[in-house]
1. Taking the number of other C-beta atoms within 10 Å as the exposure measure, put ARG29, ARG200 in order starting with the fewest.
2. Which angle from 0 to 90°, rounded to the nearest 10, does the C-alpha axis of helix 485-502 make with the longest principal axis of the chain?
3. Would you mind checking which residues have amide H under 5 Å from THR410's amide H? H placed 1.01 Å from N; only 5 or more apart, or other chain.
4. Would you kindly compute the Cα radius of gyration of region 278-511 and its largest Cα-Cα separation (Dmax), both in Å?
5. Can you give me the long-range amide H partners of ARG29? Hydrogens built in the peptide plane at 1.01 Å from N, cutoff under 5 Å, separation of 5 or more residues or another chain.
6. Return the sequence-ordered ³J(HN,Hα) values of region 106-115 in whole Hz as given by the Karplus equation 6.51 cos²θ - 1.76 cosθ + 1.60 applied to θ = phi - 60°, using x for Gly and Pro.
7. Going through the cross-link list LYS353/LYS401; LYS401/LYS467; LYS292/LYS372; LYS290/LYS401, which pairs have a Cα-Cα distance over 20 Å in this structure?
8. Report, in degrees rounded to the nearest 10, the 0 to 90 angle that the Cα long axis of helix 387-401 makes with the longest principal axis of the chain.
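Taken together, the values in this text are just the output of simple stated rules run on the coordinates, not laboratory data. The structure displayed is predicted, hence computed values, not measured ones. As a convention, Cβ positions derive from the backbone with ideal geometry for all residues, glycine included, and neighbour counts pool all protein chains shown.
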Amino acid sequence: MIFGRTIALCAVSLVPLMAAEPVTGGILRVAQRAEPRTFNPVVAIDAPSRDVLRRMHADLITIDRSTLRAVPALAESWTQSRDGKIFRIRLRPDVRFSDGHAFTAEDVAFTFAVHQDAAMASPQRDLLVFEDKPIAVRVKGPLELEFELPRPYAAAERLFDSIAMLPRHQLESAWKAGKLRQAWTLNTPPEEMAVLGPFRLKRYKPGESVLLERNPYFWQRGRPYLDGIEFRFLPDEDTQLAQFVSGHLDILNRLQPRAVQYLESRQVAVSDLGPSLEYNFVCFNLTPGKGKPMFQNVAFRRALSEAVDRRGMARVAYQERAAPIWNPVSPANTLWSMVPQAKPNHDVALARKTLEKAGFRWDAQGRLLDEKGQPFGFSLLVSASSAERIQMANVVAADWKELGLAVRVTTLEFRSLLERVTNTREFDTVLLGLGGGDADPNPEMNVWLSSGSMHLWDPNQRQARTKWEGELDQLMRQQMVTVDYGQRRAVYHRALRIIEREQPMIFLVSPHVVTAQSGRVGGFQPAALDHYTLWNAAELFLVRQ
């Protein structure tokens, strides 16, 4: 088991923690580049929604972002059987939802039934179901539950992190009616959303902000210190910086290099934690009948990866505050990263040889031809709210132009982009970022399993469409139940080698985590896991000046 291990991250230069005693009151103001898509934690997959929801909800067991250890939350204690299959959990007494309704073991059982319901398509389901066998949840008393796992799970305690406990009294009828996916929309009145986290929803203003207020029933007595948190929707970084230096924002969660330079020029201290656990990538649409037929050719995908200038991308888009990557594991994650191997970086000659060997040809103008002998081109979607990803997309397009490809960089509002990628599948390629929630591989089961909702190149498959995806499924499930760390690491690395070989995603860079605060935020402890600055929101306070 690896619960006690920590990850060796790059050296951290933190803003000195304030010696001031915690005080209550005040609204913490935070910038957010995009609006949430939903207030429903069961179906939320976008970062803006999760950033808000994680402040509103609570886990049974949570991962302390400063130590990476699993610590008690709504569960005050737990035990595990010798065979690793049975978890017995005891809940804290006298915990209440934000509407005053008692939280009991029945709410926990309801929550797990919802997440394991295939019809809900929860992104958590792939972590909770193994070989179509769900975790059995048995209520043993008002505050006691027993979880029986189909097989021993590696890092089993971490299963309980980031699964928001749901109010059975509010949502059970919607679930039974098959309408829970449509519940808790952006238009739902705040009083109809009972939560267990330090804050609850007070107000949502489309195009402007989300305001959370202190949950008067929060289980940690005397917490949170803040009256509330306001998420201001500011897609433009210049606007964020202007509001920050003028005193209208308290925290900037992820700074990009240009912003760092600007703040440092004004003597504002920043915290650079080194490479994050996030990975940026280009993903092909490999869904049959949706993506371009040429995308199905692994040699084509591999050649495009060989032609990408990752180091130049880190320099241009991030001014060296990013690490080049060739798989989804950041070099910061030393527990799971592989021994570095020589990788091609912007080797156009090698990429052309790869294409030639696979039978590809060019016309007299140097344009790469498709299977019908026509010049081949496609679009690359990228979020309009991320200047750095737009820069990366332009670097990628320029690199691929050297191969004779015409690539159209298309910017879309983030929610529209997600709609195309996760629902309609109307796209060719897309540049996105994932990761950062945990160092362990298990939380990303829904990305790598062919049945996963976040298996972005071809999601929600009933069974693996390709042999290599079937192998990847088998290895990811095997590592999930391999308790010995050394053996599990070896299995996971076999899965990574398949991903590197098949290139359904072209991995680009892992950006640094760089944050800033106004100087009046007490308890500020930025961490390398998402959420980088608000993970301990219940402990934050505003220093009186």
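1. On the way: ARG29 21, ARG200 25.
The most exposed by this proxy come first: ARG29, ARG200.
2. Here the helix axis deviates by roughly 40 degrees.
3. Under 5 Å from the amide H of THR410: LEU380, LEU381, VAL382.
4. In Å, with Rg to one decimal and Dmax whole: 17.2, 57.
5. Those lying under 5 Å, H to H, from ARG29 are GLU230, ASP250, ILE251.
6. Ordered by residue, 3J(HN,Hα) equals 5, 5, 5, 4, 4, 4, 5, 5, 5, 5 Hz.
7. On the way: LYS353/LYS401 16 Å; LYS401/LYS467 31 Å; LYS292/LYS372 12 Å; LYS290/LYS401 23 Å.
Violating the 20 Å limit, Cα to Cα: LYS401/LYS467; LYS290/LYS401.
8. Here the helix axis deviates by roughly 20 degrees.
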